[in-house]
Each structure stands twice: as structure tokens, then as C-alpha cells.
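Shown next, in C-alpha cells, is the structure this report addresses.
The values are calculated or read from the model by the stated rules, or taken from the named source; none is laboratory data. Just so we're clear, the structure is a prediction, and the values are computed from it rather than from any experiment. Cβ atoms come from the backbone with ideal geometry, glycine included; neighbour counts cover every protein chain shown. Surface accessibility is based on the protein's heavy atoms, side chains included, excluding ligands, DNA and RNA. Shrake-Rupley method; radii C 1.70, N 1.55, O 1.52, S 1.80 Å.
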Amino acid sequence: MSKEQNLIELFEQKVNLSKGMSNDELIQKLQRFISNYQQHTRPPRPAQDLYSVMEEVVETLSKGNSEYKAIPTGFQNYDINNGGLIPGELFLIGGRPSMGKTQLLVQLAINTSVHVPVLFCTLDNTKDLLAQRFISNKADISGGDLLLYRLRAHEKTLVKNAITSMQERTIIISDENNSSIDQLLKHWEVILQERQIKVMFIDYIQLLGGALQSKYRHQELSYISQRLKKFAQQHKIALIVASQLSRNVEARGGCRIPNLSDLSESGALEQDADKVAFIYRPEYYGLTEDEFGPTENIVHLVIAKNRSGKTDTLLFKKTPNFNRIHELYEANMNFREGSRFSEFDNDIDPF
């Protein structure tokens, strides 16, 4: 029997093929089979003595290898407590609609682009609408006024200055969303290599691989989260992924702070992520005060899982029209004092 026939037989054995399966579903199953086959047929990496690995790690850190440098988020309290954005880590940011997931990702992209090239993958917006969010943030003007181009003379100047300020930064926008997860990863891999991307954002994970029927969705999201984790490790990038939360949050009375069980459709998201944070606005639910004080324009970032640090709640403040998010309490630390951030100049204003 030829090698090709062996592969066909193996495919038929490993994959459950039903008569009513659509072409899209068949293609996705085939792509997944090929991806898994390639991973499992790769020669295993040799085992290595722990002592020699420890020596290599210390040497790498002492040389300040940029592949392993933590990337400041522009939010000093987060960076001090959590070490910034770590290459190779999968960071999941969850929230219900209208909490500000996309706005937080936009803010982080702007802040980190001061230091490194960034890739922003939007599955929920076109590149034009996403660009409007960036302009609104940088110009500090209402997104609604910008969308209708209902701008006064000085606001038009602010827009022009906002665009000019981004000229020296590298933020690549990809709005490709009509492909399988395997096709998208190959597409994004080319961008990462060509533009030396160090931080990547995906908005949002539930829109990946949505062609399969609902009864397969749990397995599909498990596969997607595993592929994203391996992708971050393979390319040594900090990968920040937004996630919708289940409606269970809305069903709770009183305080509706999310928890890990609210991750929509898959426990694998919690398992594969190195960090999980939830964005939560008590004001949205009619709460005028909570344990931290008045809630007007306050945004909570609840760190619910953290493999490299502690869990905590960080407080931020949004502008009234929600085009920017600021850290509520500024921490007094110069990152250049620590080797982990030493290649980055944190006196640079991200705005």
C-alpha cells in the first residue's frame, strides 16, 4: 500500500465523516488532520540535562535577549505586578458586550506599539472601522462624531495630528475572517515573520472557526485555544485574545463580576491561557458605588488566572465617551531599573 493510501485510510479512521457533512466542514476536518499529523510526525526534541538548561536560561537573561523581554503595557501597576506582556504567553481578556474589550485591546496596541511592532487581527470589524477606533483614541474625540465626520475645526486638526503620530509606529491590521483557524494562522505567520511582530491581538476568539455546526463548537474552541497557545510559543510573541462571556453573568443578581466559569463554550480557554482577565464596569449595571468607591467611568480589570504572578483587581478610568482607558492609580517605578524591561524607554508617552 502506498504512503498516500495509508494517509487516506488513517484519515478515515481518525475522523468521523457523516453523509450530511458540508464541504466547509470536510475541509476543516481535513486541515485539522493534516496539522495534527505534521505535529505528531515531527522528530521529538532531545531531552536535556536540567543543569545545562538552567545555565542557558541565565546566560540568555543576562544578555538581554529581546526574544524573551517583557513588553510594557503602558499600565505601570499591571507591569509591576505581572511583569508586562510575556513572549510565548496566551493572555485571554473576557467580558460581556459593551464592557470595553475591543477598546482595551486598542489601548494596549497603542501603548505597546511605542516599543515593538504589533499585529491587530479583527474578526468583528472591518479595518476601516477599527482604524476609526484608533483615530478616536489618539485624537481623544467621540467615535460617533468621527463616524459621522461631525467635527469642528480644532477636532479636524486633532485627527490630522493623531494620524501623523502613528507614522513611526508599526501596527498591522488584518481583517481576514473568512478562513479556518489553520488557514488564518498560516496567513498571520507570514505577517509575523515579515514585520517582526512581537505582540499580537485577536478580537475575538468565538469568531474563529465558526463554520462548524453548533454541536461541534465545544471541541472546535478547544482545538482553537490549543493552536493559539502553540502559535504564541512557537513564534515567541505575546498573544492577547478577547473572549465573549456566557449570559450567566447577566443572570446573577447584584454584583456581576465575571469568574472563570463564565468563559463561553469551552473550559479549554481557561486551561490553555497563561493569564485570564475580565473587564467589568459596575456602572453599566446601575451600581453607583462598590467596595472601591464611586463607580462613575470606572473600569475593573479582574486578573482571575495568572501562571506567572498573583490574581488581583486593577482599576482604570475611561473617558466619558469611552475612547480612552487610563490607569486610575499611577505607580512610581522606572522600568529601566530592571533588566526585564531594560531595552524599552518608558518615558515615552504612549499617546
Quiz item: So, in nm, how far is label THR288 from label ASP140 when the simple model puts each one 7 Å beyond its Cα toward the Cβ?
Solution: 2.9
Practice problem: Could you tell me whether region 254-321 comes out rounded, prolate or oblate from its Cα gyration tensor? Rule is a ≥ b ≥ c as square roots of the eigenvalues, rounded for a/c under 1.5, then prolate if a/b exceeds b/c, otherwise oblate. | Solution: prolate
Self-check item: Sum of side-chain charges, CYS121 neighbourhood, beta-carbon under 11 Å (Lys, Arg +1; Asp, Glu -1)
Solution: -3
Exercise. Compare the Cα positions of TRP188, PRO117, LEU130 along the charge dipole of region 117-236 (+1 at Cβ of Lys, Arg; -1 at Cβ of Asp, Glu; about the Cα centre) and return the one farthest towards the positive end.
Key: PRO117
Quiz item: Just the accessible area per residue of region 79-127, please: how many Å² with a 1.4 Å probe?
Solution: 20
Quiz item: Which shape class, rounded, prolate or oblate, goes with region 58-127 when its Cα gyration tensor gives a ≥ b ≥ c as root eigenvalues, a/c under 1.5 marks rounded, and past that a/b bigger than b/c marks prolate?
Solution: prolate
Quiz prompt | Contour excess over end-to-end distance, with Cα ends at SER246 and ARG169 and 0.36 nm allotted per residue | solution = 24.1 nm
Quiz item: For region 49-178, what % of the accessible area comes from carbon and sulfur atoms, probe 1.4 Å?
Solution: 51
Exercise. Give me the accessible area per residue for region 140-298, probe 1.4 Å, as a whole number in Å².
Key: 50
Self-check item: Within region 117-194, chymotrypsin sites (Phe, Trp or Tyr not before Pro) in DSSP loop having at most 11 other beta-carbon neighbours inside 10 Å
Solution: TYR149
Quiz item: Going by the alpha-carbon gyration tensor, a ≥ b ≥ c the square roots of its eigenvalues, is region 106-162 rounded (a/c under 1.5) or, if a/c is not under 1.5, prolate (a/b greater than b/c) versus oblate?
Solution: oblate
